[in-house]
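Undergrad: Okay, here's the structure, questions in a sec.
The values are calculated or read from the model by the stated rules, or taken from the named source; none is laboratory data. Since the structure is predicted, the reported quantities are computational estimates derived from the model, not experimental observations. When we count neighbours, we look across all protein chains shown, and the Cβ atoms used for this are built from the backbone with ideal geometry, even at glycine. For the accessible areas, the whole protein counts, side chains as well, though only heavy atoms, and no ligand, DNA or RNA atoms are used. Shrake-Rupley method; radii C 1.70, N 1.55, O 1.52, S 1.80 Å.
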Amino acid sequence: MYERNPEREIFFYAKVVLSGKGGHSAVPYLTHNPIPAAFRLIQILNGKLLYEFSSFQNVALIPVSLNAGTRQNVIPDNAELLFRGEASNAEEKQKLYDVLKNILDALEIIFHIKSKLDFEAVL
(Lines give C-alpha, C1' and ligand atoms only; values in the text may rest on other atoms or scores of the structure.)
Protein backbone atom coordinates (compact mmCIF):
# COMPACT_ATOMS: atom_id res chain seq x y z
CA MET A 1 0.00 0.00 0.00
CA TYR A 2 1.19 3.48 -0.84
CA GLU A 3 1.78 5.98 1.97
CA ARG A 4 1.66 9.68 1.22
CA ASN A 5 4.80 11.74 1.75
CA PRO A 6 4.05 14.11 4.66
CA GLU A 7 6.19 16.84 3.02
CA ARG A 8 3.80 16.99 0.06
CA GLU A 9 0.83 19.21 0.84
CA ILE A 10 -1.04 19.16 -2.48
CA PHE A 11 -2.64 15.98 -3.79
CA PHE A 12 -4.59 15.77 -7.04
CA TYR A 13 -5.42 13.63 -10.06
CA ALA A 14 -4.68 14.43 -13.69
CA LYS A 15 -6.68 12.79 -16.46
CA VAL A 16 -5.34 12.66 -20.00
CA VAL A 17 -7.40 11.55 -22.99
CA LEU A 18 -5.51 10.87 -26.21
CA SER A 19 -7.77 10.75 -29.27
CA GLY A 20 -6.64 9.23 -32.52
CA LYS A 21 -8.33 7.35 -35.32
CA GLY A 22 -9.22 3.77 -34.58
CA GLY A 23 -9.65 0.92 -36.99
CA HIS A 24 -8.94 -2.73 -37.61
CA SER A 25 -5.52 -3.98 -36.56
CA ALA A 26 -5.02 -5.57 -40.00
CA VAL A 27 -4.66 -2.07 -41.47
CA PRO A 28 -2.78 -0.05 -38.85
CA TYR A 29 -1.49 2.34 -41.52
CA LEU A 30 -5.04 3.72 -41.80
CA THR A 31 -5.19 4.60 -38.10
CA HIS A 32 -3.64 6.97 -35.59
CA ASN A 33 -3.17 4.63 -32.66
CA PRO A 34 -3.32 6.44 -29.28
CA ILE A 35 -1.79 3.51 -27.36
CA PRO A 36 1.86 4.02 -28.44
CA ALA A 37 1.40 7.73 -27.68
CA ALA A 38 0.19 6.83 -24.16
CA PHE A 39 3.23 4.66 -23.52
CA ARG A 40 5.55 7.34 -24.88
CA LEU A 41 3.87 9.91 -22.61
CA ILE A 42 4.70 7.84 -19.53
CA GLN A 43 8.26 7.24 -20.71
CA ILE A 44 9.00 10.89 -21.51
CA LEU A 45 7.30 12.14 -18.36
CA ASN A 46 9.45 9.94 -16.15
CA GLY A 47 12.59 11.28 -17.79
CA LYS A 48 11.47 14.92 -17.72
CA LEU A 49 10.65 14.78 -14.01
CA LEU A 50 14.24 13.73 -13.31
CA TYR A 51 15.64 16.75 -15.15
CA GLU A 52 13.01 19.43 -14.50
CA PHE A 53 12.95 19.12 -10.71
CA SER A 54 15.75 18.94 -8.18
CA SER A 55 15.98 15.86 -6.01
CA PHE A 56 15.05 18.09 -3.06
CA GLN A 57 11.68 19.05 -4.53
CA ASN A 58 8.86 16.81 -3.37
CA VAL A 59 6.85 16.23 -6.54
CA ALA A 60 5.32 13.18 -8.15
CA LEU A 61 3.12 12.45 -11.14
CA ILE A 62 2.44 8.73 -11.02
CA PRO A 63 0.49 6.82 -13.68
CA VAL A 64 -2.22 4.77 -11.99
CA SER A 65 -4.33 3.57 -14.92
CA LEU A 66 -4.44 3.28 -18.70
CA ASN A 67 -7.68 2.34 -20.46
CA ALA A 68 -7.83 1.93 -24.22
CA GLY A 69 -10.64 -0.42 -25.11
CA THR A 70 -11.25 -4.13 -24.75
CA ARG A 71 -12.08 -5.38 -28.25
CA GLN A 72 -9.77 -7.84 -30.00
CA ASN A 73 -8.11 -6.82 -33.28
CA VAL A 74 -9.36 -3.25 -32.96
CA ILE A 75 -7.20 -0.16 -32.59
CA PRO A 76 -9.17 2.16 -30.30
CA ASP A 77 -10.06 5.77 -30.99
CA ASN A 78 -9.05 6.87 -27.49
CA ALA A 79 -6.63 6.05 -24.69
CA GLU A 80 -7.32 7.44 -21.22
CA LEU A 81 -4.60 7.80 -18.61
CA LEU A 82 -4.97 8.74 -14.97
CA PHE A 83 -2.07 10.15 -12.94
CA ARG A 84 -1.89 10.79 -9.20
CA GLY A 85 -0.05 14.03 -8.56
CA GLU A 86 1.65 15.34 -5.46
CA ALA A 87 3.50 18.60 -4.85
CA SER A 88 4.78 20.66 -1.95
CA ASN A 89 3.30 23.94 -3.18
CA ALA A 90 1.26 25.58 -5.94
CA GLU A 91 4.36 26.61 -7.90
CA GLU A 92 5.57 23.01 -8.17
CA LYS A 93 2.08 21.87 -9.16
CA GLN A 94 2.00 24.49 -11.94
CA LYS A 95 5.40 23.32 -13.16
CA LEU A 96 4.10 19.72 -13.26
CA TYR A 97 1.19 20.94 -15.38
CA ASP A 98 3.52 22.81 -17.73
CA VAL A 99 5.81 19.78 -18.18
CA LEU A 100 2.86 17.48 -18.91
CA LYS A 101 1.22 19.97 -21.31
CA ASN A 102 4.46 20.46 -23.26
CA ILE A 103 4.85 16.70 -23.69
CA LEU A 104 1.25 16.38 -24.88
CA ASP A 105 1.73 19.18 -27.41
CA ALA A 106 4.72 17.33 -28.88
CA LEU A 107 2.91 13.98 -28.94
CA GLU A 108 0.03 15.52 -30.88
CA ILE A 109 2.44 16.39 -33.68
CA ILE A 110 4.41 13.16 -33.62
CA PHE A 111 1.46 10.72 -33.44
CA HIS A 112 -1.22 12.79 -35.27
CA ILE A 113 -3.54 12.67 -32.28
CA LYS A 114 -5.40 15.17 -30.09
CA SER A 115 -5.05 15.41 -26.33
CA LYS A 116 -7.26 16.65 -23.53
CA LEU A 117 -5.83 17.35 -20.08
CA ASP A 118 -7.90 17.67 -16.90
CA PHE A 119 -5.43 18.58 -14.18
CA GLU A 120 -8.05 18.68 -11.43
CA ALA A 121 -9.81 15.41 -12.20
CA VAL A 122 -12.38 14.37 -9.62
CA LEU A 123 -12.78 10.67 -9.06
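Undergrad: Go ahead and run the numbers for FRET between Val74 and Ile10, Cβ-Cβ distance against an R0 of 30 Å, rounding to 0.05.
TA: It comes out at approximately 0.20.
Undergrad: Give, in nm to one decimal, the length gained when the segment between Phe56 and Asp118 is fully stretched (0.36 nm per residue of separation minus the Cα-Cα distance).
TA: Answer, rounded to one decimal: 19.6 nm.
Undergrad: Within the stretch 64-93, find all residues whose amide N lies under 11 Å from a label point positioned 7 Å from the Cα of His24 along Cα-to-beta-carbon.
TA: Only 74 fall inside the zone, counting backbone N under 11 Å.
Undergrad: Given springs between every Cα pair under 10 Å in a Gaussian network model of the chain, which of Leu18, Leu50, Leu100 has the largest fluctuation?
TA: Looking only at Leu18, Leu50, Leu100, the biggest GNM fluctuation is shown by Leu50.
Undergrad: Placing +1 at every Lys and Arg Cβ and -1 at every Asp and Glu Cβ, with all other atoms neutral, what dipole size does the chain have around its Cα centre, in debye to the nearest 20?
TA: Details: 13 positive and 14 negative charges, 89 e Å.
Around 420 debye, computed over the chain.
Undergrad: Just the accessible area for Ser65, please: 1.4 Å probe, Å², rounded to the nearest 10?
TA: Roll a 1.4 Å probe over it and Ser65 shows about 40 Å².
Undergrad: Sticking with this one: Hey, what did the chain get for relative contact order, percent, Cα under 8 Å, at least 6 apart?
TA: 43 percent
Undergrad: What Kirkwood hydrodynamic radius do you get for the chain when you take the inverse of the mean 1/r over all pairs of distinct Cα atoms, in Å? Walk me through the numbers before you get to the answer.
TA: On the way: mean 1/r = 0.0655 Å⁻¹.
Mean inverse Cα-Cα distance, inverted, gives 15.3 Å.
Undergrad: Of all accessible surface on the stretch 46-108 at a 1.4 Å probe, what whole percent is carbon and sulfur? Don't skip to the answer; put the middle values down first.
TA: Details: 1660 of 3560 Å².
Whole-percent figure for carbon plus sulfur exposure: 47.
Undergrad: Express the relative contact order of the stretch 55-123 as a whole percentage, based on alpha carbon pairs under 8 Å and six or more residues apart in sequence.
TA: On the way: 57 pairs, mean separation 18.7, N = 69.
After rounding, I find 27 percent.
Undergrad: Using a 10 Å Cβ count of at most 11 others and DSSP loop calls, identify the longest part of the chain lacking such trypsin sites (Lys or Arg not before Pro). Spell out each step's value before the answer.
TA: Numbers: sites that count: Arg4, Arg71.
The reported range is 5-70.
Undergrad: Considering the options Leu82, His112, Val27, tell which one lies farthest towards the positive end of the dipole of the chain, charges being +1 on Lys and Arg and -1 on Asp and Glu at the Cβ, about the Cα centre.
TA: My answer, from the dipole projection, is Val27.
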